[in-house]
Amino acid sequence: MPLNKKQQEELKAKVDQRVILVTGASGGIGEGIVRSAYEHQFCKRFVLVARREEELKRVAASLPDADCLIVTADVTKEEDVKRVGEKALEHFGRVDVWVNNAGKGSTVKPSELQAHHIDEMIDVNVKSVLYGMHVALNIFKTNAAQEGGQIVNVSSLLARAMQVYPERDTSFRSAYGPSKAFVTAMTDAFRTELNTDAAWKDKIKISTVNPGPVGSDFGVNANGPPSAGQSVESCADAIYQLTLLEQRDEMYTDPPLYPAVNAYYERLLAAPEE
């Protein structure tokens, strides 16, 4: 269940000790999440993770009075993700929120889909999330300085786009969409297992975020122009409010998408015609 107003205020009061780690923090949604948490005075201590060090330095420099640890890493490599966790603990002594945001797009028609397209999407979009969850959960359960924490996995509306928008041709996301469906289902599995663990189910939260089209440079990595859609700022603010503050299990970032998502579930759950 989402946190109530009193619980949200108690959560915000911990701003001075809270540490948020974000992968893919050098731009787009990742940078937006960092900036939104900072501007809402939810956090002043960040671990910024990406491959582009200069961009991470730019993000850190734009946050006055914030304590930012910059860690360059390739999150498709498990040893790099473990090193990220180690660096975070060395510097801050804790990680309260671990955001698995790093990812890559892909544009390929199903008729042209090859195994190497799938391999790349699994490495970047799925394995990086898996590695991050393992490291984060280990920190949450073994670090004496804290009890629990939150994992936020950035998936995508495209995990279900073919069902939500049957009239639209999103088939060109034939590798990217399924990789995000994997992320969503894998996150559900981790959450379900956690909910059976009496010792941790109330102390560790695992959330899934499903952005729709976002106006960032992510589209460039998908072999296309920058995508139009919800602004990065609006997307990040929705993630802050619904995921970091209310701690919902799963959320969609763009309100105009809600009718289509609701209609999908209505179709899915419709009673058989007599």
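No lab work stands behind these numbers, since they all come straight from the coordinates. The model shown is predicted, which means the values in this text are computed figures rather than measured ones. Cβ coordinates were reconstructed from backbone atoms using ideal geometry, including for glycine residues, and neighbour counts include every protein chain displayed.
Using the Cα coordinates of segment 15-269, the gyration tensor eigenvalues translate into equivalent-ellipsoid semi-axes of 28, 20, 18 Å, sorted from longest to shortest.
Can you sort Glu86, Glu79, Glu246 so the residue with the fewest Cβ neighbours within 10 Å comes first?
Working: Glu86 13, Glu79 10, Glu246 18.
If I rank by nearby Cβ atoms, fewest first, I get Glu79, Glu86, Glu246.
Which net charge results when you count Lys and Arg as +1 and Asp and Glu as -1 among the other residues whose beta-carbon is under 13 Å from that of Glu233? Write down the numbers at each step before the final one.
Numbers: positive: Arg35; negative: Glu31, Glu39, Asp237, Asp254.
Charge balance near Glu233 sits at -3.
Anyone know which of Arg58, Arg18, Arg160 comes out most mobile in the 10 Å Cα GNM of the chain? Highest fluctuation among the options: Arg58. If the chain linking Ala263 and Gln17 were pulled fully straight, counting 0.36 nm for each residue of separation and taking away their Cα-Cα distance, it would gain 84.4 nm.
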